[in-house]
Amino acid sequence: MRQIQRHKMADVLLSKVRKNYNPSVLKDTLRNINLDIKDGDFIVFVGPSGCGKSTLLRMIAGLEDITSGDLVIGGKRMNDVPPSQRNIGMVFQSYALYPHMTVFENMAFGLKLKHMDKETIRQRVVHAADILGLEPFLDRKPKALSGGQRQRVAIGRCIVQQPSVFLFDEPLSNLDAALRVRMRLEISKLHRDINATIIYVTHDQVEAMTLADKICVLSPLQANAESNLEQFGTPLELYNHPVNQFVAGFIGSPKMNFINGTIAEIGDKTCKVKLATGEVLTACVDASRGEVGQKVQLGVRPEHLVAASSSKADGGTLSGKVIVTENLGAEFFMYLDVGACDEGVDFTIRHDFAVDVKSGDNFTIGIPAAACHLFDADGIAFPRTAVYTRAER
Amino acid sequence: MAMVQSKNLKYRKAAAHLFMWVFLAFILFPLLMVVAISFRQGNYSVGDVIPSAQTSTLDHWKLALGISVHDNVRVRGADIRFLKADDGKAVLFASDNGTDPFDPFVTAPFDVAQAKASTSKQMLSVKAAHPEAEPDESQFLDDGKTLDLTKAVAGKLAIDVAKDDGSTERYMIEANDKEGTSFGVYRDQVTPPPFPVMHWLWNSIKVAFITAALIICLATTSAYAFARMRFRGRTFILNSMLIFQMFPAVLALVAIYALFNRIGSYIPSLGLNSHGGLILSYLGGVALHIWTIKGYFETIDPSLEQAAAIDGATPWQAFRLILLPLSVPILAVVFILAFISTITEVPVASVLLMDMDKLTLAVGSQQYLYPQNYLWGDFAAAAVLSGLPITIVFLLAQRWLVGGLTAGGVKG
């Protein structure tokens, strides 16, 4: 039976958390991080490398100290509590199994240090091994295990401690692609079964979108930025309503296309944008705080583009020269040079079927107005008035 | 490794093998020389490299192992004569024949049949004393009977002559040549071991073992701090340790002497002429070992100890239960290195140690070599002996020199 007793309530609250590795240099790694994580939530920290997501996780674990701000777990301020007393469990990117101990000893190590009686230790370890399917391997050393099994041992080592918060530091990044998909599902199931708070760090936004109840997007801290917490919300919130250009570009694969232009006309629920190439596109956004002539970037996801002749192409059309095409069978990518993007950035199109074009051909693509995002010069998004769903097509 | 190789490469491989064998032979040659010298009769540094049965002797080894060596030395100034005695008995008189100074002695009467029944292994012990005066010529047996009796007892009598000071000296009757045409008086010359070599060896082992163990304790804990903790002056201390280690300890002999002289006036067991002081001075060589172990610790993923910390381990527990078991190979290496360097160290030990019974083997064995008399044979035996503990330690430590201890713990 895949069942585990309910853990005690563990809300995690971060307020105004700041991290500075070298206080003599005024260069923060993290600044003004405010997160309210509810008990039982699956939270994913995501961001490009160097954004401090692992640091934030390690601060919650107690492996890094908190420069300023408060960390509260289960209603208790944990800033100065050593890792072992925070009631957390952590799975490291490198698994960090003890190589000289068997799987059983690896999982029992923490319990032994707590001087639990042998029978309880055995019960807990066997129970965790049962959940993770590790029973046949209890007597093996980690070197005799495959990558996925090692990962499970690392998770099992957490489970036996019955922590109220699980911390995962890029746990799947060392696995091969097929195993990653499987382990992703297993972690998802595990969360459903043990129903504990999980905080999960990854740079892979597919993991983030599939696993998370809520995603926290972090960016590398700019010199005078207020915070590097960009957005905290559910996966679809982030996908449909990114608050800024960074989140819009980070969430979604392939990356959202950004086209330079200026506001040509501000309507009631729409806004017309004149591109650098002269074309005019319509976007379903509330641009009332903007003004005509203001420089903006129009964003549209590659998977939301439609054929130029389609009735959905109510936002306008865009044409450019095909640079490269990629046929993956299930999907088809095309990279265009449309002239209105930033230098060196191609306009990506994702189709469900192959289109008969060659490199160098001219190609015109239709853009639905509801699929458009609009960002001002500072990258802040204008509120969208419609959400485009592909099912409508 | 079944790579296809060109002919050219095969020749080069053969040449490399040849070179290695020649190189090995060059390395082994001095050792073979020393072994050969230790078995050679006399104390000669030149001679056959491969000892033959006739010219070999175990005397050097006996002396090194603390066993007295017996030599039968012919007493040229003595003649064998017999005094007239009762039936079946004989009285031997060793007289001065005038060539070399010799104090004559006369034995107690002994049973000839009993003497004949004895063997050279189990000689008949006979007491003897220096007579007050030379017996009259008429009391002696004639030459024919003397020769018969001599033949009968040759090699079978152990004559203990009581000396004036109460001690005894042992004499024997032996044939002068193999055929047994002439006989002479031989004195059993006892050579006691000149130096307490086994005691030195024990001193060496004791000092080296304690030093190596203490170096392991100090070096692992310091290396852990240097590898895992960030503190002010870390790099500076590390670098300065390395730089100071580059100056040989010999340069500081005077300072070491003065230092330990002063320490000894407060703590005698750590001062001059004490093994404690010597060990303390050897602990100064810990820096290189810290570097070695630190390098190994840094190859071990720190996430192992962080995982242990989350599991509830104190830093000491993480060090002892996680890091140390994984570091056994490097600890074995450091132990061997520290042991070897201590056992072969001469300059500091020769300055700090003075008493004959305190010396280490490396220092003590040099006592065999003084300008008037180079006792190469005895020295060689002691030298070979000093290699023994190193070999044993290496063989014992070898089982810990295993690779792949950290395999599987972290994704490589």
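The values are calculated or read from the model by the stated rules, or taken from the named source; none is laboratory data. Note that the coordinates shown come from a computational prediction; the quantities given were computed from them, not determined experimentally. Neighbour counts are summed over all protein chains in view; Cβ atoms, including those assigned to glycine, are modelled from backbone coordinates with ideal geometry. Areas reflect the complete protein model, heavy atoms only, side chains present, ligands, DNA and RNA absent. Shrake-Rupley method; radii C 1.70, N 1.55, O 1.52, S 1.80 Å.
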* Has segment B:366-386 got at least one residue that is in contact with a strand residue (DSSP E or B) (Cβ under 8 Å, 6 or more places away or on another chain), without any contact (Cβ under 8 Å) to a residue 40 or more places away in the chain and open to solvent by less than 40 Å² (accessible area, probe 1.4 Å)? -> no
* To do: State whether one or more residues within segment A:72-91 are more than 30 Å from A:Val206 (Cα to Cα), facing chain B (nearest Cβ under 9 Å) and among the hydroxyl-bearing types (Ser, Thr, Tyr).
  => yes
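Does at least one position in segment A:318-330 carry a residue that is in contact (Cβ under 8 Å) with a residue 40 or more places away in the chain, assigned to a strand (DSSP E or B) and among the polar types (S, T, N, Q)? Before the answer, list the steps.
The initial filter retains those residues of segment A:318-330 that are in contact (Cβ under 8 Å) with a residue 40 or more places away in the chain, namely A:318-322.
Retained after the next criterion (residues that are assigned to a strand (DSSP E or B)): A:318-322.
When the remaining residues are screened for being among the polar types (S, T, N, Q), the result is A:319.
Yes: one or more hits.
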* Asked: Filtering segment B:298-317 down to residues that are surrounded by fewer than 20 Cβ atoms within 10 Å (Cβ to Cβ) and under 43 Å from the mean Cα position of the chain (by Cα), which residue is nearest to the other protein chains (Cβ to nearest Cβ)?
  -> B:Gln317
* Structure fact -> In segment B:318-359, anything within 14 Å of chain A (Cβ to nearest Cβ) and surrounded by fewer than 17 Cβ atoms within 10 Å (Cβ to Cβ) is listed as B:Arg320, B:Leu324, B:Pro325, B:Val328
* **Unique match (being touching a strand residue (DSSP E or B) at 6+ places or on another chain (Cβ under 6 Å) and in the same structural domain as A:Asp213 (by TED's automatic domain parsing)) among A:Leu229, A:Leu298, A:Leu305, A:Leu236** => A:Leu229
* To do: Answer yes if at least one residue in segment A:48-66 is β-branched (Val, Ile, Thr), more than 11 Å from chain B (Cβ to nearest Cβ), in a loop (DSSP other than H, G, I, E, B) and open to solvent by 30 Å² or more (accessible area, probe 1.4 Å), and no otherwise.
  => no
* To do: Inspect all residues belonging to segment A:75-86 and state whether any of them is open to solvent by less than 10 Å² (accessible area, probe 1.4 Å), in a loop (DSSP other than H, G, I, E, B), in contact (Cβ under 8 Å) with a residue 12 or more places away in the chain and among the charged types (D, E, K, R).
  => yes
* Tell me which residues, restricted to segment A:92-121, are away from chain B (no Cβ under 13 Å) and either surrounded by 14 or more Cβ atoms within 10 Å (Cβ to Cβ) or modelled with pLDDT under 90 (or both). => A:Phe104
* Structure fact -> The number of residues in segment B:249-294 that are in contact (Cβ under 8 Å) with a residue 12 or more places away in the chain and exposed (fewer than 13 other Cβ atoms within 10 Å of the Cβ) is 1
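Matching residues to (1) open to solvent by 30 Å² or more (accessible area, probe 1.4 Å); (2) within 14 Å of another protein chain (Cβ to nearest Cβ); (3) outside any loop (DSSP other than H, G, I, E, B); (4) over 24 Å from A:Thr389 (Cβ atoms):
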{"position": "A:Arg150", "(1), (2), (3), (4)": "yes, yes, yes, yes"}
{"position": "A:Leu167", "(1), (2), (3), (4)": "no, yes, yes, yes"}
{"position": "A:Leu179", "(1), (2), (3), (4)": "yes, yes, yes, yes"}
{"position": "A:Met183", "(1), (2), (3), (4)": "no, yes, yes, yes"}
{"position": "A:Thr210", "(1), (2), (3), (4)": "yes, no, yes, no"}
{"position": "A:Glu226", "(1), (2), (3), (4)": "yes, no, no, yes"}
{"position": "A:Phe232", "(1), (2), (3), (4)": "yes, no, yes, no"}
{"position": "A:Glu237", "(1), (2), (3), (4)": "yes, no, yes, no"}
{"position": "A:Pro242", "(1), (2), (3), (4)": "no, no, no, no"}
* Asked: Within segment B:381-402, can one find any residue that is in a loop (DSSP other than H, G, I, E, B) and within 14 Å of chain A (Cβ to nearest Cβ)?
  -> yes
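Quick grid of which residues meet (1) at pLDDT 90 or above; (2) closer than 30 Å to B:Glu298 by Cβ; (3) touching a helix residue (DSSP H, G or I) at 6+ places or on another chain (Cβ under 6 Å):
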site	(1), (2), (3)
B:Pro347	yes, no, yes
B:Gln366	no, no, no
B:Phe379	no, no, yes
B:Gln398	no, yes, no
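Going by the conditions given, is A:Ile380 closer than 19 Å to A:Ile251 by Cα and in contact with a strand residue (DSSP E or B) (Cβ under 6 Å, 6 or more places away or on another chain)? Explain how you work it out, then say what you get.
Values: closer than 19 Å to A:Ile251 by Cα: yes; in contact with a strand residue (DSSP E or B) (Cβ under 6 Å, 6 or more places away or on another chain): yes.
Considered against the rule, which asks whether it is closer than 19 Å to A:Ile251 by Cα and in contact with a strand residue (DSSP E or B) (Cβ under 6 Å, 6 or more places away or on another chain), A:Ile380 comes out as yes.
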